[in-house]
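Working notes, structure below.
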Amino acid sequence: MKRSKKSLTVLLVLILIICMLSACGQTPASSAGGGYTIDNIRDQVVGLDEKMELENGKKIAVTNFDNAATTPALQPVVDEIDEQLKKYGSIGRGFSPKSDYSTDLYNNTRDKVLEFVGADPEKYTVFYINNTTDGLNKLASALIEKKSDLVLTTRIEHHSNDLPWRENGTVIYAEVDDQGRVMYDEIENQLKNNKVKYVSVTAASNVTGYVTDVHRVAKLAHKYGAKIIVDGAQIVAHRKFSMMGESEDENIDFFVFSAHKMYSPFGGGAVVGLTDELMSHMPKFYGGGTIHIVGDDWVEYAEAPKSYEAGSPNYPGVVGLGKAIDILEEIGFDNIEAHEKALNQKLVDGLLKIDNSIVYGDTEDLSDRVGVITFNFSDINSQLVAEELSHTYGIATRRGAFCANPYVWRLYGLPDEAVRNFAECSDMNTPGMIRVSFGIYNTEEEVDYLLEVLPKAIEQAKKTNEENFGLAEPLY
């Protein structure tokens with residue numbers, strides 16, 4: 001009996017140890033407390049293993065290299081949205097426990113956004129938007145008071161940081177250099193020789209991935225009496241961003257970004273801006289939520305940020321944004337940057353070994369690029385290659401000029417008058433690049449897969465052209 005009890009005791013102890021080890025060995029990503037890292041975040045991407053049917057009939061999980069357009073959702077973000085929807089009530093207007101709870105969460109997320117970008121809550125406020133394009137349009141409609149107001153931007157910009165300023169004010173541009181980088185001397189020359197009201201620049205290019213030294217630009221803008229607006233769509237999920245510079249004259253005045261670029265679904269995003277400046281203007285968006293009181297023929301509008309948030313708010317988008325911020329900060333932007341640099345280097349090295357490849361931007365110094373690489377081949381139409389990658393190999397890229405036409409034409413060396421010839425052309429007959437843009441979950445193995453099948457895709461694209469199109473010019 002003693003031996004039996006002893007054996008039982010030993011067995012119980014062993015079971016206890018195994019349970020403890022199992023608990024300790026639980027993967028951080030699946031634990032209730034989070035523990036998200038570059039190594040385990042892939043397990044949290046919604047739909048990553050979902051098999052899609054290709055044109056050849058095969059079913060395969062898509063290799064997604066189109067993250068600069070939009071990122072997939074993370075499961076913890078979706079879970080947080082689902083959980084908070086249980087307590088959802090009307091924001092700011094209802095009298096109920098759910099309304100109070102939702103309003104508090106909605107407003108408290110503003111504080112999280114301010115902290116995320118290092119903005120002083122005594123000087124800055126946050127208003128929510130549908131996306132970066134929406135935010136830049138709202139700023140342009142509010143800040144620009146007359147058509148003669150001068151806005152300086154650059155030729156590296158996305159259309160969303162160009163066209164709203166064109167339509168509301170007058171725009172002048174700073175050119176890019178031969179490698180496609182922003183020319184800071186050119187920015188200063190334009191500021192010196194023109195009475196610029198606002199300087200609006202991207203923090204990172206969606207075409208080449210170049211990161212702009214926006215604090216350097218801020219210092220120049222403030223030196224000449226202008227304010228700075230930063231398009232942050234391509235930076236928020238890649239590098240740590242701060243509104244604060246090393247000195248006050250390097251501080252950013254307005255920062256705009258989208259949640260759908262940072263692993264949150266349902267749209268959404270935010271503008272962080274100087275409270276006093278926002279309160280002294282009014283965007284051309286009116287209606288519920290923007291007013292203090294209305295009479296028969298008079299209106300008193302609410303102060304910012306309410307005056308910038310017409311209509312019922314996108315509550316799920318705000319909830320998702322807040323959770324996405326938590327996860328990105330937990331992973332750490334130093335880790336994200338190192339990961340992207342490794343993927344960039346592997347892809348560029350592989351592309352340069354392929355015959356007739358053209359890689360845009362600086363291929364020797366990749367240090368100032370987020371995870372975006374664009375390329376072409378001089379002997380085949382890039383649309384056909386991108387289609388082959390998708391239809392046969394399940395690799396998602398983007399092909400075209402990426403809503404940054406003037407920048408892409410400069411990288412090509414196409415003069416503006418030549419571009420007009422393509423105005424009525426189909427996509428295939430318009431010049432375009434192939435873009436690979438990385439997310440935090442992409443792996444070196446996926447890059448290897450792309451480089452392995454790319455020569456096959458090129459050969460098949462040549463056959464397709466020969467059999468169906470007979471394009472004499474590659475129109476890359």
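Enumerate the pairs (first residue in segment 452-476 and farther than 18 Å from G394 by Cβ and assigned to a loop (DSSP other than H, G, I, E, B); second residue anywhere and modelled with pLDDT under 85 and among the polar types (S, T, N, Q)) with beta-carbon separation below 7 Å, excluding pairs fewer than 6 apart on the same chain, so at least 6 apart or on different chains.
Final answer for the pair search is L475/N429.
Does segment 122-133 contain at least one residue that is surrounded by fewer than 17 Cβ atoms within 10 Å (Cβ to Cβ) and within 22 Å of M243 (Cβ to Cβ)? Let's see the steps before the verdict.
The initial filter retains those residues of segment 122-133 that are surrounded by fewer than 17 Cβ atoms within 10 Å (Cβ to Cβ), namely 122-123.
Adding the requirement that they be within 22 Å of M243 (Cβ to Cβ) leaves 122-123.
Yes: one or more hits.
Quick one: A457 ticks every box in (1) out of contact with any Asp or Glu (no Cβ under 6 Å at 6 or more places or on another chain); (2) crowded, with 21+ Cβ neighbours inside 10 Å; (3) not acidic (D, E) bar one, so which box is it?
(1)
So N314 passes all but one of these: (1) in contact (Cβ under 8 Å) with a residue 60 or more places away in the chain; (2) surrounded by fewer than 22 Cβ atoms within 10 Å (Cβ to Cβ); (3) within 18 Å of the chain's Cα centre (by Cα). Which condition number does it fail?
So the condition that N314 fails would be (3).
One line per residue, one yes/no per condition, for (1) touching an Asp or Glu at 6+ places or on another chain (Cβ under 6 Å); (2) of a type in the set (V, I, T):
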{"site": "K197", "(1), (2)": "yes, no"}
{"site": "S200", "(1), (2)": "no, no"}
{"site": "L220", "(1), (2)": "yes, no"}
{"site": "Y224", "(1), (2)": "no, no"}
{"site": "V236", "(1), (2)": "no, yes"}
{"site": "M244", "(1), (2)": "no, no"}
{"site": "N251", "(1), (2)": "no, no"}
{"site": "H260", "(1), (2)": "no, no"}
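I'd like the full set of residues that are part of a strand (DSSP E or B) and among the charged types (D, E, K, R), limited to segment 371-423.
We begin by selecting, within segment 371-423, every residue part of a strand (DSSP E or B); these are 372-377, 395-396, 398-400.
Passing the criteria: R398, R399.
Under 6 Å by Cβ, and 6 or more places apart or on different chains, what pairs join a residue from segment 387-399 that is surrounded by fewer than 22 Cβ atoms within 10 Å (Cβ to Cβ) with one that is of a type in the set (D, E)?
Here the result reads H391/E55; A396/D66; R398/D66, each pair linking segment 387-399 to a residue that is of a type in the set (D, E).
Quick check on V447: is it β-branched (V, I, T), part of a helix (DSSP H, G or I) and under 24 Å from the mean Cα position of the chain (by Cα)? Break it down stepwise before answering.
Details: β-branched (V, I, T): yes; part of a helix (DSSP H, G or I): yes; under 24 Å from the mean Cα position of the chain (by Cα): yes.
Yes, satisfied.
For segment 44-55, does any single residue satisfy the condition of being at pLDDT below 95, under 29 Å from I373 (Cα atoms), surrounded by 13 or more Cβ atoms within 10 Å (Cβ to Cβ) and over 23 Å from the mean Cα position of the chain (by Cα)?
Yes, that holds for at least one residue.
Go through segment 228-268 and give me each residue that's within 17 Å of I325 (Cβ to Cβ), over 13 Å from the mean Cα position of the chain (by Cα) and among the hydroxyl-bearing types (S, T, Y).
S242
Picking from F422, F438, F402, which residue would you name as being free of Cβ contacts under 8 Å to residues at least 60 places away in the same chain, buried (at least 16 other Cβ atoms within 10 Å of the Cβ) and of a type outside the set (A, V, I, L, M)?
On the way: F438 fails: free of Cβ contacts under 8 Å to residues at least 60 places away in the same chain; F402 fails: free of Cβ contacts under 8 Å to residues at least 60 places away in the same chain.
None of the others qualify; the one that does is F422.
Scan segment 251-278 for residues that are within 12 Å of L139 (Cα to Cα) and surrounded by fewer than 16 Cβ atoms within 10 Å (Cβ to Cβ) and jot them down.
none
If you take the residues of segment 213-245 that are in a loop (DSSP other than H, G, I, E, B) and of a type in the set (V, I, T), which of them is surrounded by the fewest Cβ atoms within 10 Å (Cβ to Cβ)?
Let us first name the residues in segment 213-245 that are in a loop (DSSP other than H, G, I, E, B), namely 213, 224-226, 232-245.
After this cut, where a residue has to be of a type in the set (V, I, T) as well, the list is 235-236.
Working: I235: 22, V236: 28.
Among those that are in a loop (DSSP other than H, G, I, E, B) and of a type in the set (V, I, T), it is I235.
Scan segment 280-300 for residues that are closer than 25 Å to D134 by Cα and exposed (fewer than 15 other Cβ atoms within 10 Å of the Cβ) and jot them down. Break it down stepwise before answering.
Initially, segment 280-300 is screened for residues closer than 25 Å to D134 by Cα, giving 280-292, 299-300.
Selection gives S280, K284, Y286, G287, G288, H292, V299, E300.
Of the residues that sit in segment 171-215 and are in contact with a Phe, Trp or Tyr (Cβ under 6 Å, 6 or more places away or on another chain) and either without any contact (Cβ under 8 Å) to a residue 60 or more places away in the chain or hydrophobic (A, V, I, L, M, F, W, C) (or both), which one is farthest from I373 (Cα to Cα)?
The residue in question is L191.
Here's the yes/no breakdown for (1) assigned to a loop (DSSP other than H, G, I, E, B); (2) acidic (D, E):
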site	(1), (2)
Y36	yes, no
N56	yes, no
V78	no, no
D82	no, yes
R93	yes, no
Y101	no, no
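At least 3 residues that are over 15 Å from Y407 (Cβ atoms) in each: list the strands (runs of 3 or more DSSP E) lying fully within segment 139-212 that qualify.
Values: elements: 150-154, 170-174, 198-202.
Answer list for segment 139-212: 150-154.
Would you check which residues across segment 321-376 are crowded, with 21+ Cβ neighbours inside 10 Å, over 16 Å from the mean Cα position of the chain (by Cα) and either at pLDDT below 95 or among the small types (G, A, S) (or both) and list them?
Across segment 321-376, the qualifying residue is only G361.
Taking into account only those residues within segment 425-435 that are in contact (Cβ under 8 Å) with a residue 60 or more places away in the chain and hydrophobic (A, V, I, L, M, F, W, C), which is surrounded by the fewest Cβ atoms within 10 Å (Cβ to Cβ)?
In the first step, residues of segment 425-435 are kept if they are in contact (Cβ under 8 Å) with a residue 60 or more places away in the chain; the result is 433-435.
Among the residues that remain, those that are also hydrophobic (A, V, I, L, M, F, W, C) are: 433-434.
Details: M433: 25, I434: 22.
Filtering segment 425-435 for residues that are in contact (Cβ under 8 Å) with a residue 60 or more places away in the chain and hydrophobic (A, V, I, L, M, F, W, C), the one surrounded by the fewest Cβ atoms within 10 Å (Cβ to Cβ) comes out as I434.
What number of residues in segment 277-305 are out of contact with any strand residue (DSSP E or B) (no Cβ under 8 Å at 6 or more places or on another chain) and free of Cβ contacts under 8 Å to residues at least 24 places away in the same chain?
So the answer is 5.
The values are calculated or read from the model by the stated rules, or taken from the named source; none is laboratory data. Since the model is a prediction, treat every value here as computed from it, not as a measurement. Ideal geometry is used to build each Cβ from the backbone, glycine not excepted, and the neighbour counts take in all protein chains shown.
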